[in-house]
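Written out below as C-alpha cells is the structure these notes cover.
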Amino acid sequence: MKVFAVLAFALLCVAAPAWGKTFTKCSLAKTLYAHGIPKSELPDWVCLVQHESGFRTDAVGALNSNGTRDYGLFQINNQYWCQGNVKSYNECHIACTSLLSDDITNALNCAKKIKAQQGFKAWYGWLNYCQKSKPSVSECF
C-alpha cells in the first residue's frame, strides 16, 4: 500500500500542471524588447522584475499592511492599478488575476502606465536595488 501511495504521489508531482512562467534575464529582456521596450530601458525593467517577482509571472505578494496585494511579474498593486480583493481605482482597467498570465502583454501595458505616471521609483524593488546599479543585458542580443 505504501508503494502505491508513493507512486501515486510521484505521478501527481510529474503530471501536475505548471503554474506560471519563470523567465531568465535574457528571455525577459528579449520578450520586453519584442513588446516595444527600448534597449536602453531593458536593464531597468529586468532589474525591477528580478527584485519584485523573481522573474515569475504567477507571483502574488504577501498581504500588505493596508490590506492590498501586489500581482504578477511587475508586482502591480490592487489598490490603484487593478481590481482585486479591495476597493480599487483600477487605473489599468484590468482584473489583478489577469496580471498572472504567462502572456505578459496586459501586465506590461499596466506597468508602462505606472512608469509613465510615476517612473521606476513606483517600485521598491527598483528603488532599493536598481536605482544605482543595473544588470547588463547586452549578452542577451
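Any read-out appearing in this document is the output of simple, stated calculations on the displayed coordinates, not a laboratory observation. Keep in mind the model is a prediction, meaning the values are calculated, not measured. Heads up, the Cβs are rebuilt from the backbone with ideal geometry, glycines too, and the neighbour counts pull from every protein chain shown.
Summing +1 for each Lys or Arg and -1 for each Asp or Glu among the other residues whose beta-carbon sits under 10 angstrom from that of Gly20 gives 0.
Measuring gaps between exposed loop sites in the chain (trypsin sites (Lys or Arg not before Pro); DSSP loop; at most 11 other Cβ atoms within 10 Å), the longest gap, sites not included, is 1-86.
Normalised by residue number, the volume inside the convex hull of the Cα atoms of the stretch 35-116 is 88 Å³ per residue.
Between the Cα long axis of helix 105-118 and the first principal axis of the chain there is an angle of about 40°, rounded to the nearest 10. By the compact-protein rule of thumb, 2.2 N^0.38 Å, the alpha-carbon radius of gyration of the chain corresponds to a ratio of 1.20.
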